[in-house]
1. Considering only residues of the range 99-116 that are among the charged types (D, E, K, R) and assigned to a strand (DSSP E or B), which is surrounded by the most Cβ atoms within 10 Å (Cβ to Cβ)?
2. Tell me the residue from Ala75, Ala71 that is surrounded by 13 or more Cβ atoms within 10 Å (Cβ to Cβ) and either at pLDDT below 95 or on the phi > 0 side of the Ramachandran plot (or both), please.
3. Could you please let me know if Leu21 is among the aliphatic types (A, V, I, L, M), under 17 Å from Ile138 (Cβ atoms) and modelled with pLDDT of 95 or more?
4. Have a look at Ser139, Ser133 and point out the one that is over 16 Å from Ser10 (Cβ atoms) and either in a helix (DSSP H, G or I) or in contact with a Lys or Arg (Cβ under 8 Å, 6 or more places away or on another chain) (or both).
5. Of all residues in the range 112-130, which are aliphatic (A, V, I, L, M) and out of contact with any Lys or Arg (no Cβ under 8 Å at 6 or more places or on another chain)?
6. Counting only residues that are among the β-branched types (Val, Ile, Thr) and modelled with pLDDT of 95 or more, which one in the range 108-166 is farthest from Ala75 (Cα to Cα)?
7. Which of the residues spanning the range 84-98 are buried (at least 20 other Cβ atoms within 10 Å of the Cβ) and touching an Asp or Glu at 6+ places or on another chain (Cβ under 7 Å)?
8. Exactly one condition in (1) of a type in the set (A, V, I, L, M, F, W, C); (2) surrounded by 14 or more Cβ atoms within 10 Å (Cβ to Cβ); (3) modelled with pLDDT of 95 or more; (4) closer than 27 Å to Arg148 by Cβ is false for Ala14; which is it?
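The values are calculated or read from the model by the stated rules, or taken from the named source; none is laboratory data. Values in this document were obtained by computation on a predicted structure and should not be read as measured data. Neighbour counts run over all protein chains shown; Cβ positions are idealised from the backbone, glycine included.
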Amino acid sequence: MAMIEALKSSELFADLRKDQLEKVSVLCRGGSYRQGMTIFKEGDEATELYVLTEGRVALEMELRPVPDRPAIPTALEVVTKGECFGWSAVIEPHVYTLSARCMSNCTVVAIKGDLLLKTMADDPKLGYKVMNSLARLISLRLTYTRLRLTSGLGIVLLGKELEAAG
């Protein structure tokens, strides 16, 4: 029952009926991670989708603002209780686009992406609801990332380009 409650309180599965939540709950496992641990890295094969049940997770990207210099891990978003991350597990090409690092001790519900995709195919109404929520989540994250990059690093890089051109 705890797994169903965790799913129901998440942004991704909140619209599902009880029977649909039960179908998803059997695909889940609990997990815990200590502060500072990396759950997955950008570029890794994406196998699991996560719902954060406790803690805070930073979603980071390796940025290289200056060629031939080391990449800088840059937090683009902080995930909090009830939010999902690791959506690449259900979207091709199934490669994580960001890294997930624990900012505090965390607990998660992890869902195998391949099994979730099969369940969604077997129950198209469930699949539609999940993909609709997922599309909304990805759109919000993309908008937030674009704003973050253009308000800070993007402006700095544009300034360097203008200096080089002038």
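1. First, the residues of the range 99-116 that are among the charged types (D, E, K, R): 101, 112, 114.
Adding the requirement that they be assigned to a strand (DSSP E or B) leaves 101, 112.
On the way: Arg101: 21, Lys112: 17.
Ranking the qualifying residues of the range 99-116, first place goes to Arg101.
2. Values: Ala71 fails: surrounded by 13 or more Cβ atoms within 10 Å (Cβ to Cβ).
Being surrounded by 13 or more Cβ atoms within 10 Å (Cβ to Cβ) and either at pLDDT below 95 or on the phi > 0 side of the Ramachandran plot (or both) holds for just one of Ala75, Ala71, which is Ala75.
3. On the way: among the aliphatic types (A, V, I, L, M): yes; under 17 Å from Ile138 (Cβ atoms): no; modelled with pLDDT of 95 or more: yes.
When the stated conditions are applied, Leu21 does not pass them.
4. Numbers: Ser133 fails: over 16 Å from Ser10 (Cβ atoms).
Unique residue meeting the criteria: Ser139.
5. Narrowing the range 112-130 to residues aliphatic (A, V, I, L, M): 115-117, 120-121, 126, 130.
The answer is Leu115, Leu116, Leu117, Met120, Ala121, Val130.
6. Pass one, the range 108-166, residues among the β-branched types (Val, Ile, Thr): 108-109, 111, 119, 130, 138, 143, 145, 150, 155-156.
In the following step, the residues that additionally are modelled with pLDDT of 95 or more were identified as 108-109, 111, 119, 130.
Numbers: Val108: 20, Val109: 22, Ile111: 24, Thr119: 32, Val130: 26 Å.
Checking each candidate, the answer is Thr119.
7. Those that are buried (at least 20 other Cβ atoms within 10 Å of the Cβ) and touching an Asp or Glu at 6+ places or on another chain (Cβ under 7 Å): Cys84, Gly86, Ala89, Tyr96, Leu98.
8. (2)
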